[in-house]
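For reference, the structure discussed in these notes is given below.
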């Protein structure tokens with residue numbers, strides 16, 4: 001499983017949207033209805049599931065699961081998707 005796929009799964013879990021409807025370039029806010037509280041839930045889920053500490057401020061400007069995957073790759077020091 002790629003990091004993009006895993007991020008999409010976790011976004012689906014938090015947004016309560018079917019994983020089939022989430023693409024790496026889906027807009028978290030417009031397409032998936034994620035609000036500020038869900039953003040915090042997403043950060044906690046990502047940290048727990050992936051074991052990577054991500055400052056909340058780093059995720060605030062991110063708009064897609066691909067953006068999140070790129071940021072996690074940076075913090076985890078792994079190649080970006």
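The values are calculated or read from the model by the stated rules, or taken from the named source; none is laboratory data. Quick caveat: nothing in here was measured; it's all calculated off a predicted structure. Quick reminder, even Gly has a Cβ in these numbers, built from the backbone with ideal geometry, and neighbours come from all protein chains shown.
In the range 24-48, how many residues are exposed (fewer than 14 other Cβ atoms within 10 Å of the Cβ) and touching a residue at least 40 places away in the same chain (Cβ under 8 Å)?
1
Scanning the range 36-81 for residues that are modelled with pLDDT of 90 or more and in a loop (DSSP other than H, G, I, E, B), which turns out nearest to residue 11 (Cα to Cα)?
Restricting to residues being modelled with pLDDT of 90 or more and in a loop (DSSP other than H, G, I, E, B), the top hit is 64.
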